[in-house]
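> One structure is given below, represented as structure tokens, and several questions about it will come after.
The values are calculated or read from the model by the stated rules, or taken from the named source; none is laboratory data. Everything numeric here is computed off the predicted structure, so don't read it as measured data. All Cβ positions, glycine included, derive from the backbone under ideal geometry; neighbour counts span all protein chains shown. Ligands, DNA and RNA are stripped out before the accessible areas are found, and what is left, the full protein with its side chains, is counted by its heavy atoms. Shrake-Rupley method; radii C 1.70, N 1.55, O 1.52, S 1.80 Å.
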Amino acid sequence: SLYNTLTEIYSSYPEIVSNKLMNILGTHDTERIFTVLGSDFEELEGSNAQLSVRRLSPEKREKAKKLLKIASVLQYTVFGIPSLYYGDEVGLEGYHDPFCRMPFPWNDMENEYRQELSEHYKKLGELRKTQTALSDGTFKFLGHSENSVVFMRKNGENEIIVAANRGEDFTLDIPKNTVFYDLLNDKEYTGNVTVKSDSALILKVIG
């Protein structure tokens, strides 16, 4: 599980080393993460002739977009340095090499899902620069289940709580009257915060 993997890594290295690890979702040697997240396993197989023209359906593209948003939040908020493979930030598709090395889709940037993902990644990059806890803060799990994780990054007074959920809606178990600012959606919460199914939140503790 993600909980076990991250716990093992963080306990195996000094904190300064953990904060410098490379966080990747895709590389030039692997299927595009957008394609993987939107496909069933058997759909990743086929002849080169088939894979060269195969594309996700609109429904599977929507699924991939939702899952990539969750995965990218984790990539940018766990310990380590997010390393972005060009094109992943706009949902570039592609199967195994050489199809994972397709050029950046400059002539297809008007698509709504590409623009939505691009803005999402820009926001994540901005948060990495402005929230010091995400770059060199301590890392601590606050909760986990088979389908969810909740953890805190903390650097002095900069406290960030991240929640990612692939299961049913749940409410964060935190002290009452705590005030959060939702950094992805620009909202303020006091007290209970619901983490909806297939979503991720980055919450700054402000009081």
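> Give me the percent of the accessible area of the chain that comes from carbon and sulfur atoms, probe 1.4 Å, all protein chains in place.
On the way: 5780 of 11230 Å².
Answer for the chain: carbon and sulfur cover 51 percent of the accessible area.
> Would you mind calculating the relative contact order of segment 107-170 from Cα pairs under 8 angstrom and at least 6 residues apart, reporting the percent as a whole number? Don't skip to the answer; put the middle values down first.
On the way: 70 pairs, mean separation 13.8, N = 64.
In percent, rounded to a whole number, it is 22.
> So what's the net charge close to Asn155: Lys and Arg +1, Asp and Glu -1, counting the other residues with Cβ under 14 Å from its Cβ? The partial results should precede the final answer.
Working: positive: Arg128, Lys129, Lys140, Arg153, Lys154, Lys204; negative: Glu15, Asp136, Glu157, Glu159.
With Lys, Arg at +1 and Asp, Glu at -1, the neighbours total +2.
> Keeping all protein chains in position, work out how much accessible area His144 exposes to a 1.4 Å probe, and write it in Å² to the nearest 10.
100 Å²
> Give me the percent relative contact order of the chain, please, defined on Cα pairs under 8 angstrom at least 6 residues apart. Mind dumping the intermediate values first?
Numbers: 350 pairs, mean separation 38.1, N = 207.
That works out to 18 percent.
> Hey, got a sec? Which trypsin sites (Lys or Arg not before Pro) in segment 172-207 land in a DSSP loop and have at most 13 other Cβ atoms within 10 Å? Don't skip to the answer; put the middle values down first.
On the way: sites: Lys176, Lys187, Lys196, Lys204; in loops: Lys176, Lys196.
Listed in order of number, the matching sites are Lys176, Lys196.
> If you don't mind, there's one more thing I want to ask. I'd like the GluC sites (Glu not before Pro) in segment 101-207 restricted to DSSP loop residues with at most 15 other Cβ atoms within 10 Å, sorted by number. Intermediate values should be presented prior to the final figure.
Values: sites: Glu110, Glu112, Glu116, Glu119, Glu126, Glu146, Glu157, Glu159, Glu168, Glu188; in loops: Glu110, Glu146, Glu157, Glu168.
When the GluC sites (Glu not before Pro) of segment 101-207 are filtered for loop state and at most 15 Cβ neighbours within 10 Å, Glu110, Glu146, Glu157, Glu168 remain.
> Going down the table (Lys66/Lys204; Lys60/Lys154; Lys65/Lys176; Lys140/Lys196), which pairs top 31 Å between alpha carbons?
Details: Lys66/Lys204 22 Å; Lys60/Lys154 36 Å; Lys65/Lys176 33 Å; Lys140/Lys196 22 Å.
Among Lys66/Lys204; Lys60/Lys154; Lys65/Lys176; Lys140/Lys196, the Cα-Cα distance tops 31 Å for Lys60/Lys154; Lys65/Lys176.
> Of Ile206, Ile9, Ile161, which has the most accessible area with a 1.4 Å probe, and how do the rest follow in descending order? Don't jump to the answer; show the numbers that get you there.
Details: Ile206 85, Ile9 55, Ile161 10 Å².
I get Ile206, Ile9, Ile161, largest accessible area first.
> Hey, of [x] 31, 19, 16; [y] 25, 19, 17; [z] 24, 23, 16, which did the structure itself give for semi-axes √(5λ) of the Cα gyration tensor in Å when calculated?
Correct label is [x].
> When the Cα centres of segment 120-164 and segment 1-72 are compared, how far apart do they sit, in Å?
Segment 120-164 and segment 1-72 have Cα centres separated by 20 Å.
> In debye to the nearest 20, how big a dipole does the chain give about its Cα centre with +1 on each Lys and Arg Cβ and -1 on each Asp and Glu Cβ? Can you show the working numbers first?
Numbers: 24 positive and 31 negative charges, 91 e Å.
Dipole about the Cα centre, nearest 20: 440 debye.
> Considering only protein heavy atoms, what is the solvent-accessible area of Met102 at a probe of 1.4 Å, reported in Å² to the nearest 10?
The accessible area of Met102 comes to roughly 80 Å².
> Right, something else. Can you give the accessible area of Leu37 in Å² (nearest 10), computed on protein heavy atoms with a 1.4 Å probe?
Accessible area, nearest 10 Å²: 40 Å².
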